[in-house]
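The values are calculated or read from the model by the stated rules, or taken from the named source; none is laboratory data. Just so you know, these numbers come straight off a predicted model, no measurement behind them. Cβ placement follows ideal geometry from the backbone for every residue including glycine, while neighbour counts extend to all protein chains displayed.
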Amino acid sequence: MMHLSIIAPNGSIFNGVVDHVMLPGALGPFQVLSHHAPTLSSLVAGQITYSVGAVSSSVAVKGGFTSIADNQLIVVCDPIEQGH
């Protein structure tokens with residue numbers, strides 16, 4: 001388990017504990033699990049998908065960046081608004 005914060009210009013999208021996260025990295029999609037190596041990465045347009053138990057959720061983004069360290073995953077992104 002790790003703590004995920006997804007932050008957009010207009011506020012927090014998600015803040016909580018998750019089992020894993022899939023991110024649209026600039027060099028290709030990548031998965032983050034507990035105890036992931038410290039990483040900084042830029043994000044491209046795509047889906048951020050995160051799971052808590054058997055429940056998965058996703059956020060469509062235009063891009064952004066992420067910081068991973070000590071089971072803390074911070075994503076700063078520009079989400080794609082629903083219906084656009």
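Tabulated results
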quantity: Any hit, the stretch 68-82, residues being of a type in the set (D, E, K, R) and over 13 Å from the mean Cα position of the chain (by Cα); calculated: yes
quantity: Complete set of residues in the stretch 40-84 that are farther than 20 Å from Ala8 by Cα and surrounded by 14 or more Cβ atoms within 10 Å (Cβ to Cβ); calculated: Val52, Asn71
quantity: Residues located in the stretch 9-36, provided they are over 11 Å from the mean Cα position of the chain (by Cα), in a strand (DSSP E or B) and under 15 Å from Val76 (Cβ atoms); calculated: Gly11, Ser12
quantity: Residues that are touching a strand residue (DSSP E or B) at 6+ places or on another chain (Cβ under 6 Å), under 15 Å from Ile68 (Cα atoms) and not β-branched (Val, Ile, Thr), drawn from the stretch 31-55; calculated: Gln31, Leu33, Ser34, His36, Pro38, Leu40, Ser41, Ser42, Leu43, Tyr50
quantity: Conditions (1) surrounded by 12 or more Cβ atoms within 10 Å (Cβ to Cβ); (2) at pLDDT 95 or above: number failed by Gln31; calculated: (1)
quantity: Qualifying position, being modelled with pLDDT of 95 or more and touching an Asp or Glu at 6+ places or on another chain (Cβ under 6 Å), among Ser42, Ser51; calculated: Ser51
quantity: Counted residues, the stretch 37-73 - those being assigned to a loop (DSSP other than H, G, I, E, B) and more than 12 Å from His3 (Cβ to Cβ); calculated: 6
